[in-house]
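One structure is given below, encoded as structure tokens.
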Amino acid sequence: MTMSWVPHASLKGPAGLVRLSAGQLDAGEGKCAEFAALKARPRVWPKQFEERRDAPWEGFPLGLVMAALDGVEFGGLDAEVSVQKVLEETPKSVHPGVEGWVRQAVGTYLEDARWLADELGDVVLLPHRESRVLQHVASPLEARVLTGWGRWYASADGAVREVRRLRVSRVGAGDDPSNLALAQLAAFGAKAAGSVYRDMPVEVRADAGPAKRVRVVEVVVSDERVPKVVVDAGPEEIARRYRERAQPVASDVVFGGRRQPGSDCAQCKLRAECDALPHVPGLLGLDGSGTHRRVWSAATAGQYRICPAQAHLRDQRLPGDWSDHPAIRRGTLVHTWLEVAHSRLPYRACAEEDLPEALAGFAAELMTPDEYRQIRPFLLSHLEVCPLRTDANVTSLTAEPATAAYDAQADVLVVAHPDLVYVAGGRTFYREQKTTGGSAAWDADTLFERVPQLALAVCLIADGAFGGEAPVSGTVELEVMSPAGASLFSFDTGDAGVVARARAELVRLAGGWHTDVEFRPRPGRHCATCPVARWCPDRHAPDTGPIEVDGVLIDPRTGEILNEAPVTGLAQAVASTVAEPDPDDEPPF
């Protein structure tokens, strides 16, 4: 194992001690493979000591739910009493919105537990505190341990075993490698008498008898969905499915691979020395390093500008209520079509033949004929400003690249999601793309306030995050598509005045957020657009009709701006909350 994965020279510790959690098998595309490999090696750490600074608030709400359920199942407490006890004894602060979600999640789980008991009929399952573990120990420096996080149950004789996986909102499938790993643990793992987080190897104790039937159940604790039994099989079938589908994924995770900057960099052991993560001290222009390492994006800025509580609850990955209006779907489909079109090799410009009147080509795999009819006028307007048409010197182009940079001065990992990054004539171009069905003009003088992604992009390029020694000359673009045509705005990052304006905007956007530890709500009619409003005890009562923000009328269903008043940054942020969901909002569990 150690021969196949060699730790970076800046790290120390036995690389042969591997502890893999079942949940790590769901990493997915776009994640950093090297981060996962390092996370699986709990005894490998940087040689250079770095003082750990934890957030002053509780950052894992599901952990509070699990603790409260322990009080019910093993302490005999009433559900509300147990929740209150956990909240009072938690050493860190818990936001009122998180408290509300925890209370509902505990109640939902207990209702689902009663449903599962009825569904099993005569089979009686008893909860057990111990998680399960599979381990192979070759030597004190060579061991492999598989663990899983969930709630564990078994019949008195151990013949029927069940693991319940708590989900915030996302539901998996029976063939997901993580679910098969949980099934393998339930079928063949031993109960952990020691700590699966501290001990290697882990002290274990045997079951009353071998497993004959194993179930993996996913329980969504945020709504009233019926629990989903994703695995219900005997040990032999589980072993076969694990060997075929999960074991290869586990091997890939353990042996690492390509580095990919992203939000995981904030907790990565290699962050200080990783050559894939740009280090840009002073990027945000902030004084001081705040309370702890944080992750910030332009989406965070927009949420915080509207309401600090919204930004915090979304950062905690509480489930959101998202609009499914066709106008929202329209914007998503336009971006999806452009991403596919710009990813074609060899590079070629978007052309009219790519957009026939009848649905055809790759678009037919992405949308319905009716959806295509709605977005085609927007895509036709893009043709005149497609970078592969307007610049013949494009040497590289990446659609929707994951982008991150570390500001050591502020101790903030900055994450960005550009729609397009390309190099033409040796110059870096960073493009944001928007769609609009309205006629309101876009004022170039206020674009940094209205679209904070542009201010961030200017500073990223100028400070060398995309290569080169600062100051770097490049171009940041905003493309606005409408059925009437496209507009293209450009900013030169070699212009010191442009960079100064962009940096001032970043300071204004990130300054208050950087030191906030309370995230107080700012209720108002804009609560109608907040996806996490149902968890907020201070939310504004629902209302009908357009929302007015700084004289701008906004459709709460679509985020569309309905009048021609000058659009302020706050108004745009409220509109974008509906129209442009944050790509990082989807809970990972």
So, R0 is 30 Å and r is the distance between the beta-carbons of residue 543 and residue 93; what FRET efficiency does that work out to, to 0.05? 0.45
Net charge contributed by nearby residues that have their C-beta within less than 13 Å of residue 220 (K/R +1, D/E -1): +1
Against the longest alpha carbon principal axis of the chain, how many degrees, from 0 to 90 and to the nearest 10, is the axis of helix 369-382 turned? 50 degrees
Counting just the Cα atoms, what span does region 1-158 cover along each of its three principal axes? Round to the nearest Å and put the largest first. 52, 42, 31
Full-extension gain in nm, residue 473 to residue 393, via 0.36 nm per residue minus C-alpha separation: 27.1 nm
Nearest 10 degrees is fine. How inclined is helix 326-342 to the longest principal axis of the chain, computing both from alpha carbons? 80 degrees
From phi via Karplus (6.51, -1.76, 1.60), per-residue ³J(HN,Hα) for region 174-185 in Hz, x at Gly/Pro: x, 8, 4, x, 5, 5, 5, 5, 5, 5, 4, 5
Please report, for the Cα atoms of region 379-420, the Rg to one decimal and the Dmax as a whole number; what are they, in angstrom? 15.2, 44
One finds, for residue 489 and residue 562 with R0 = 22 angstrom and r their Cβ-Cβ distance, a FRET efficiency to the nearest 0.05 of 0.45
Averaged per residue, what accessible surface does region 1-128 expose to a 1.4 Å probe, in Å²? 52 Å²
By per-residue mean of other Cβ atoms within 10 Å, what is the highest-first order of 517-523, 304-310? 304-310, 517-523
Please report the equivalent ellipsoid semi-axes of region 194-249, computed as sqrt(5 x eigenvalue) of the Cα gyration tensor, largest first, in whole Å. 24, 19, 15
So, with a 1.4 angstrom probe, what is the percent of accessible area on the chain that is carbon and sulfur? 51 percent
Hey, what angle do you get for helix 96-120 against the long axis of the chain, alpha-carbon based, 0 to 90 degrees rounded to 10? 50 degrees
Could you calculate the contour length gain from residue 203 to residue 255, that is, 0.36 nm times the residue separation minus the distance between their Cα atoms, to one decimal place in nm? 16.1 nm
The FRET efficiency for residue 344 and residue 442, from their Cβ-Cβ distance with R0 = 25 Å and rounded to 0.05, is 0.30
Add -39500 (n - 2.57) for each DSSP H run of 4 or more in the chain, then divide by its residues: what number comes out at 222 nm, to the nearest 500 deg cm²/dmol? -9500 deg cm²/dmol
Selected from 524, 474, 74, residue furthest toward positive end of dipole (the chain; charges at beta carbon): 74
Counting pairs on different chains as well as pairs 8 or more places apart, how many Lys pairs in the chain have Cα atoms under 14 Å apart? 6
Go through 350-358, 480-488 and give me the packing order, highest mean Cβ count within 10 Å leading. 480-488, 350-358
Region 374-469 - accessible surface per residue (Å², probe 1.4 Å): 33 Å²
Return the tail of the calculated pair distribution for the chain, meaning the percent of Cα-Cα pairs more than 35 Å apart. 45 percent
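The values are calculated or read from the model by the stated rules, or taken from the named source; none is laboratory data. What you see is a predicted model; the values in this text were computed from it and never measured. Cβ coordinates were reconstructed from backbone atoms using ideal geometry, including for glycine residues, and neighbour counts include every protein chain displayed. Side chains are part of the model used for accessible areas, which takes the heavy atoms of the whole protein and leaves out ligands, DNA and RNA. Shrake-Rupley method; radii C 1.70, N 1.55, O 1.52, S 1.80 Å.
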